[in-house]
Structures are given as C-alpha cells and as structure tokens.
C-alpha cells in the first residue's frame, strides 16, 4: 500500500484511554492548524467505536470551535446519548490543552430497506479524460509566502481531477459551481466504517473554497481569512473512497463575512453516496 495511505490509516487507529475516551494523533498537512477533515473523521471513528450492534452512521453535524494544533494529540470524549430500537445517537467533544476545539453529533441506524430515490449525477467527463489538479510551477511557487508554498508541496493521500479548469493563484469570477473527481492513491481494506470515516475526511476539501468563486478570489491570494465554522454530512449509500467519487459543489450564498456551500458525492456509476453542507468564515483582509 502507498505509504501516504498507510500513514492516513494510522491516524484513524485511535488509542482507547477509557470506555468512552479516545486519543488521536495529527499530521502536518501544510496548514498552520489541524485539517478539519481529520478531526471530522477521527470524531466519527471515536463515535463508531461505541456502537456495538452493526448500526451504521447516516448523519453527522459538527462545529469547529478553535484551531487545533497538529503537533499535539487530540482527545475525543464520546457521550452515548441514546440507544433506541433502530437508532443510536452520539455526541463527541474534541479536546486539546483542556479546551474544546470541536463538537459533533452523529446518528447511527440499523440497516433496513425502504423507499428509494436519488438525484441524477451531472454529466461530466470521466476522470481518465481529465488532468490531475495542477500544482504551480517552480517560478510561481517562489513568489508565494513560505506557508502557502509548503501547503502546495505536501504530498496528499488523495488525487484530485477537477472538471473545470482552476488556478487558485489566478482565480477569475465565475458561477460558484464545480465538480471534482477524488480517489485515494491506493487500495484500502474492505472496511465500510473506515470508508465512511475517510469520506468524512475528504468532505472538507473544496467546500469553503467554492464560496469564493463569484468574487474571483482564493485563499492562496492572501487577501482572505478563511475558516470552517460548521459542517454536516449525510451518508446515503455505501461507497469506497479508493474508487473514483465525483464531488459536486455549489454555493448559493455568501454574506456577513460567511460563505455557505453544499456538496454531493456520486460513485462513478451514478450512485449518490453522501451529501454535505458547510458554512465558513470568508473575511477580507484589510490592507
């Protein structure tokens, strides 16, 4: 297996400190703080570890309260809010240095059959017909601040193939709609719980950045302060993150220094696997 994925899986091997208490480790993703998708995925893994009868997560709702420090471990405290006949509810608090940095609620359900319907996947080119997300040239990198340069040079455990051409260093004002194919760089174990945690992980990519598209801006331009405020994900059907998934994103609104974006994950054969939503801070830097 690719070393990047081996390392990613290790991040989800949480240490159990007590019955409902877990500890996770972070990685340097090139950002000054912990990657939000990592906290989402680890919190879901902690909650899942307290589910004992095969129930699967169908929704997660979270708030990012403080920046996490990737050089320090994160402790996840799980509250077993309820175990009903069909559903289980869990509340997770992520703690660093004695302070809450993240909270979320997750709901799990006994698998059952019911009415079926889904939206149709947009018609887009297959991932094999598209180019990987292009990194800036050496000359462009040299013009960037060190922190942005480092973020762009980090090798990630997922590959991205955007449908629309996109250069974050030279953004232009466009309609806030984009599609991106995403896939892990190598095969993963046949573990549905792991794939759902990693789906939560990758759901934090691209969402908030979509809210900047109408303004012809990007976090790489250095004129915006951007941070996730909340995040929601609904798991509709099984999907593997080591197969291509089409992430369809749009942003219906930005106001009050906040941007709102929605997303949908489709398998390459058109199955709607999950839906997402996020609001985040997009504050203009005053020069």
Which residues, taken from segment 207-239, are modelled with pLDDT of 90 or more and part of a strand (DSSP E or B)? 227, 228, 229, 230, 231, 232, 233, 234, 235
Take the residues of segment 164-185 that are under 18 Å from residue 131 (Cα atoms) and in contact (Cβ under 8 Å) with a residue 60 or more places away in the chain: which is surrounded by the fewest Cβ atoms within 10 Å (Cβ to Cβ)? 185
Which of the residues that make up segment 253-272 are within 20 Å of residue 196 (Cβ to Cβ) and crowded, with 18+ Cβ neighbours inside 10 Å? 263, 264, 265, 266, 272
Taking residue 78 as the residue in question, decide whether it is without any contact (Cβ under 8 Å) to a residue 24 or more places away in the chain, under 19 Å from residue 57 (Cβ atoms) and either in contact with a strand residue (DSSP E or B) (Cβ under 8 Å, 6 or more places away or on another chain) or not in a strand (DSSP E or B) (or both). no
Conditions: (1) touching a residue at least 12 places away in the same chain (Cβ under 8 Å); (2) more than 28 Å from residue 238 (Cβ to Cβ). Residue 18 meets all but one. Number of the miss? (1)
Out of contact with any helix residue (DSSP H, G or I) (no Cβ under 6 Å at 6 or more places or on another chain), closer than 21 Å to residue 64 by Cα and in contact (Cβ under 8 Å) with a residue 12 or more places away in the chain: which single residue out of 268, 262 fits that description? 262
Using the structure shown, decide if residue 195 is under 26 Å from residue 65 (Cα atoms), out of contact with any strand residue (DSSP E or B) (no Cβ under 9 Å at 6 or more places or on another chain) and at pLDDT 95 or above. yes
Inspect all residues belonging to segment 242-252 and state whether any of them is in contact (Cβ under 8 Å) with a residue 60 or more places away in the chain, in a loop (DSSP other than H, G, I, E, B) and either out of contact with any helix residue (DSSP H, G or I) (no Cβ under 9 Å at 6 or more places or on another chain) or loosely packed, with under 15 Cβ neighbours inside 10 Å (or both). yes
Restricted to segment 102-144 and to residues being in contact with a helix residue (DSSP H, G or I) (Cβ under 6 Å, 6 or more places away or on another chain) and at pLDDT 95 or above, the residue nearest to residue 155 (Cα to Cα) is 102
Residue check, residue 44 modelled with pLDDT of 95 or more and assigned to a loop (DSSP other than H, G, I, E, B): no
Within segment 81-90, can you find the residues that are within 25 Å of the chain's Cα centre (by Cα) and either outside any strand (DSSP E or B) or in contact (Cβ under 8 Å) with a residue 24 or more places away in the chain (or both)? 81, 87, 88, 90
Does at least one position in segment 98-105 carry a residue that is without any contact (Cβ under 8 Å) to a residue 12 or more places away in the chain and over 22 Å from residue 10 (Cα atoms)? yes
What number of residues in segment 5-15 are surrounded by fewer than 15 Cβ atoms within 10 Å (Cβ to Cβ) and in contact (Cβ under 8 Å) with a residue 12 or more places away in the chain? 2
So if I check each of 24, 30, which one is surrounded by 22 or more Cβ atoms within 10 Å (Cβ to Cβ), in contact (Cβ under 8 Å) with a residue 40 or more places away in the chain and touching a helix residue (DSSP H, G or I) at 6+ places or on another chain (Cβ under 6 Å)? 24
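The values are calculated or read from the model by the stated rules, or taken from the named source; none is laboratory data. Computed from a predicted model, the values in this text were never measured in an experiment. All Cβ positions, glycine included, derive from the backbone under ideal geometry; neighbour counts span all protein chains shown.
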